[in-house]
Amino acid sequence: MTPRRHVLRAGLAAAAASSLSLPLWAQKGPIRIGAVLPFSGGLELFGNQAKIGIDLAVAEINAAGGILGSKVEVLYQDDKTDPKTAVERTTQLIQRDQVLALIGPITSSNRDAMMPAVKKGKTPLLYATNYEGGGCDRYLFSFNTVPNQELEKLLPELKKRAGDSFYLFGADYVWPQKMFEQAEALIKKMGGKVVGKEFVPFGTKEFTPIIRRIKDSGAKVILKALPGADGITFIKQAEDFGLMKDATVGFLGFAETYLGAFGEGKGQNMWVTVPFAASIKDPKVADFVARVKKSAGDKAPISHYVMTHYNAIKAVEAALKKAGKIDREALVNGLEGLSMDIPTGKMTIGKADHHASFNMYLAKTEGAGLSVVEAMGTLAPQAGCKK
């Protein structure tokens, strides 16, 4: 072997070894994003909605040539609506699969459980579920609502239309608890009164005793923060008991997927504030809905969880193009202060608090969907970050 060939082969070997030592997201190949979502355990309704939005965004990005020449690949993991499982799946995705970023979960309990692994691995977590606020970290970005965006217009509207007595009822975990803390303060400020408040564990099947207490309280408004199958069961039983004739429901965390589960003619006139509704009269929203149906099927319900998870993946594309390179820190830097078009208008991510501003809508359930009562414009989040 000549000296020149020896040097050349040694150089190539060193380059190959160096390439192998790089994390997968820094090598030439697909950009991997880990999705930690519930596909079992009671909240699969939300996990499936998130997946519809993620899959559409990835398909569109890859059809257009990928991000900076690299295609996007999503690695899905079922967190089973369980914090311990969520941590195990997160650790696996960061350490073994070396994902560039994570998207998910649904519950605040799972998000809080995941954050130590996220921070240790310095891996951005894209959180596209409405939540109680206060999640403030370099590696956490919120793409859905916090309490002020969901409550500040909803509660006065409920008081005006139904009455000033509120019964707060939700699942026994951090999101409903924190939402109700802020709701109580707002209700008091606007001259209303809370006549009852209680929480139930996940998996509750029989709500009749609670429904009786709500009816006996004389509450005109039920502020409900009970997600998933439990929330569907409660509404069915409340309808059968006749409670819905006496009280109006403000449904926190509502998804349009619920309506088909209540039964024909049930679950009507429930009030919500959301960042998206499929019925919005806007060409961009109509185009988005058409693309979702083409991808997921005509019968697929389309809630705001579809759009917020779609937005999160599209934000990865915009942030990496803004940064001009593909790595975790570049993604964080690109996301901070990012402003981009989404189906409902403009979304801006806070440079300091990493929470999103976007248009919000007051709506009520009507027929098989949501009827928008008022377009409320852009509502900036009060993220709850401690200074």
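Some points to look at:
- Region 115-134, residues that are out of contact with any strand residue (DSSP E or B) (no Cβ under 6 Å at 6 or more places or on another chain), free of Cβ contacts under 8 Å to residues at least 60 places away in the same chain and not charged (D, E, K, R): Met115, Pro116, Ala117, Gly121, Tyr131
- Restricting region 77-97 to residues that are more than 14 Å from Ser40 (Cα to Cα) and polar (S, T, N, Q), the residue that is surrounded by the most Cβ atoms within 10 Å (Cβ to Cβ): Thr90
- Lys266 vs. criteria free of Cβ contacts under 8 Å to residues at least 60 places away in the same chain and in the same structural domain as Lys245 (by TED's automatic domain parsing): yes
- Gly135 surrounded by fewer than 24 Cβ atoms within 10 Å (Cβ to Cβ) and either within 15 Å of the chain's Cα centre (by Cα) or not in a loop (DSSP other than H, G, I, E, B) (or both): yes
- From Gly191, Gly170, residue being closer than 26 Å to Pro381 by Cα and assigned to a loop (DSSP other than H, G, I, E, B): Gly191
- Residue match in region 141-150 (condition: of a type outside the set (Asp, Glu), at pLDDT 95 or above and within 20 Å of Ala247 (Cα to Cα)): no
- Within region 209-257, the set of residues being more than 30 Å from Ala296 (Cβ to Cβ) and either assigned to a strand (DSSP E or B) or hydroxyl-bearing (Ser, Thr, Tyr) (or both) comprises Ser217, Val221, Ile222, Leu223, Thr248.
- Candidates Asp79, Asp164, filtered to the one that is over 30 Å from Val195 (Cα atoms), of a type outside the set (Phe, Trp, Tyr) and modelled with pLDDT of 95 or more: Asp79
- Condition met for Leu126 (touching a helix residue (DSSP H, G or I) at 6+ places or on another chain (Cβ under 8 Å) and either aliphatic (A, V, I, L, M) or farther than 28 Å from Met179 by Cα (or both)): yes
- In region 28-48, the residues that are surrounded by fewer than 21 Cβ atoms within 10 Å (Cβ to Cβ) and either assigned to a strand (DSSP E or B) or outside the structural domain of Arg111 (by TED's automatic domain parsing) (or both): Arg32
The values are calculated or read from the model by the stated rules, or taken from the named source; none is laboratory data. Computed from a predicted structure; not experimentally measured. Positions of Cβ are backbone-derived with ideal geometry, glycine not excepted, and every protein chain shown enters the neighbour counts.
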